Amino acid sequence: MLNSELLLAWFQDNRRSLPWRDDPQPYAVWVSEIMLQQTRVETVLPYFERWMRRFPSIRDLAEASQQDVLNQWEGLGYYSRARNLHRAARLVMEDYGGQLPGDVRTLRKLPGIGRYTAGAIASIAFGQDEPLVDGNVRRVLSRLHNLDIPADSPEGQRRLWALAEASLPAGNAGDYNQALMELGSQVCKPVNPDCESCPLASLCLARQMGLQAERPVLKGREKTPHYVVTAAVIRRNGTVLIAQRPEDGLLGGMWEFPGGKLEAGEDLRSCLVREIREELGARVEVGALMGTYRHAYTHFRVTLHAFECSLSPAGQALRKNGVADIRWVRPESLSDFPMGKIDRQISDRLATEGRDG
């Protein structure tokens with residue numbers, strides 16, 4: 001069993017000052033927890049502060065357009081988090097009178113709030129005695145209890161949640177949960193944990209057996225897929241064509257330069273001709289290579305080749321077969337449209353060329 005007094009005393013002396021921690025209002029805690037999913041605190045801080053200036057309340061968020069929401073989120077990645085926040089804010093206004101519910105069962109009915117996030121909001125913002133398990137807590141508990149089964153398996157998850165719940169100090173779950181996460185982030189790190197500075201070192205079973213570097217046990221990961229994709233920079237009278245991705249799926253609702261994935265037996269240019277025909281019902285002439293861009297997502301990598309293109313014939317009508325919307329936009333206005341990292345690099349280059357020209 002964890003010694004909660006030791007951990008809470010350590011947390012009192014070592015806790016970082018964070019805006020959502022120093023003033024744990026429910027809305028702020030909710031936004032921070034969504035942003036922190038798979039993202040480091042240092043990355044989140046400027047986004048959180050900008051978000052709270054733009055959307056200082058649930059009502060402000062609910063009344064905003066999706067494009068405004070995605071613009072504020074741009075650069076954080078995992079854009080479904082922003083879309084879910086937006087949808088959930090509207091549900092809170094409609095179903096809960098603008099007040100975020102404080103119990104785990106109701107919180108989990110909202111889009112984007114799973115077991116961990118519900119436990120975090122309920123314990124930190126509402127003082128409920130609810131456990132949580134994130135990546136940091138998983139690592140701390142796996143080492144403390146020398147868990148020798150895969151921590152990311154169903155049985156491993158069950159064991160970890162049971163351990164987290166069993167160690168909760170009644171009436172102080174919020175600080176305790178934050179202390180566990182802080183310990184995992186600052187001391188019990190994935191590589192080279194600082195066991196000498198750990199307040200729970202004497203209780204750590206993995207350390208006693210010299211196995212801390214081997215915990216947590218995780219299932220083997222498959223090789224990360226790599227995809228080659230193409231994109232068309234199509235110009236018309238000082239504007240360029242961009243397309244909005246469908247709402248569901250990767251980067252849903254974001255804008256991009258139209259194109260798609262290379263298929264077996266294709267070269268880059270024939271791929272781009274096919275994709276534009278399928279997405280927009282149009283024919284293009286593929287010109288010079290504009291640039292090659294690379295990006296790694298969580299579960300795959302992408303290499304994108306962008307080409308200068310022209311419609312053939314120039315005035316042909318465009319259809320929206322595989323996209324939500326299309327726009328002709330002046331390069332200097334592309335920053336108004338939320339984009340993923342690669343498409344933003346292309347748009348920034350186009351805007352710079354326009355200024356230099």
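Rounded, prolate or oblate: which fits region 126-193, taking a ≥ b ≥ c as square roots of the Cα gyration tensor eigenvalues, rounded meaning a/c under 1.5, else prolate when a/b beats b/c? Oblate shape, in that a/c is at least 1.5 and b/c is the bigger or equal ratio. Taking the average, over residues, of other Cβ atoms within 10 Å as the packing measure, peptides 174-180, 78-84, 240-246, 321-327 rank 174-180, 240-246, 78-84, 321-327 from highest down. Computed from phi, the 3J(HN,Hα) profile of region 84-98 under the Karplus parametrisation 6.51, -1.76, 1.60 (θ = phi - 60°) reads 5, 4, 5, 5, 5, 4, 5, 5, 4, 5, 6, 9, 10, x, x Hz, with x in place of Gly and Pro. For the chain, the equivalent ellipsoid derived from the Cα gyration tensor has semi-axes of 45, 24, 17 Å, listed largest first.
In terms of its C-alpha gyration tensor, region 230-357 comes out rounded, because the ratio a/c of the largest to the smallest axis stays below 1.5. Share of carbon and sulfur in the accessible area of the chain stands at 47%, probe radius 1.4 Å. Among Arg40, Arg87, Arg207, the order of accessible area from largest down is Arg40, Arg87, Arg207, computed with a 1.4 Å probe on protein heavy atoms.
Only DSSP H runs of four or more residues enter the estimate; each adds -39500 (n - 2.57), and after division by the residues of the chain the mean residue ellipticity at 222 nm equals -12500 deg cm²/dmol. Positive-end ranking of His226, Ser185, Ala201 along the dipole of the chain, with charges on Cβ about the Cα centre, is headed by His226. Using the charge dipole of the chain (Lys, Arg: +1 at Cβ; Asp, Glu: -1 at Cβ; taken about the Cα centre), state which of Leu141, Gly127, Ala243 has its Cα farthest towards the positive end. The residue sitting most towards the positive pole is Ala243. Here region 140-193 is assigned +1 on the Cβ of each Lys and Arg and -1 on the Cβ of each Asp and Glu. Its dipole about the Cα centre then comes out at about 100 debye. Dipole of the chain computed with +1 at Lys/Arg Cβ and -1 at Asp/Glu Cβ about the Cα centre; of Gln66, Asn14, Gly315, farthest Cα towards the positive end is Gly315. Of all the options Glu214, Glu42, Glu165, the one that moves most in a Gaussian network model of the chain with Cα springs shorter than 10 angstrom is Glu42. Dividing the mean sequence gap of close Cα pairs (under 8 Å, 6+ apart) by how many residues region 212-298 holds gives a relative contact order of 22 percent. The charge dipole of region 1-88, taken about its Cα centre with unit charges on the Cβ atoms of Lys, Arg (+1), Asp and Glu (-1) only, comes to about 220 debye.
Simple point charges give the picture: +1 on the Cβ of Lys and Arg, -1 on the Cβ of Asp and Glu, and for the chain a dipole about the Cα centre of about 680 debye. Taking all protein chains into account, the per residue accessible area for the chain stands at 49 Å² (1.4 Å probe).
Seen from Leu45, the other residues with C-beta closer than 12 Å to its C-beta sum to a net charge of +2, counting Lys and Arg as +1 and Asp and Glu as -1. Using C-alpha pairs below 8 Å separated by at least 6 residues, the relative contact order for region 1-121 is 24 percent. Calculate the length of the line joining the C-alpha centroid of region 213-291 to that of region 88-135, in whole Å. So the two Cα centres are separated by 36 Å.
Based on C-alpha pairs under 8 angstrom that are at least 6 apart in sequence, the chain has a relative contact order of 15 percent.
The values are calculated or read from the model by the stated rules, or taken from the named source; none is laboratory data. All of these numbers come straight from a predicted model, not from anything done at the bench. So basically every Cβ, Gly included, is an ideal-geometry build from the backbone, and we count neighbours across all protein chains shown. To get the accessible areas, we keep the full protein, side chains included, count just its heavy atoms, and leave off ligands, DNA and RNA. Shrake-Rupley method; radii C 1.70, N 1.55, O 1.52, S 1.80 Å.
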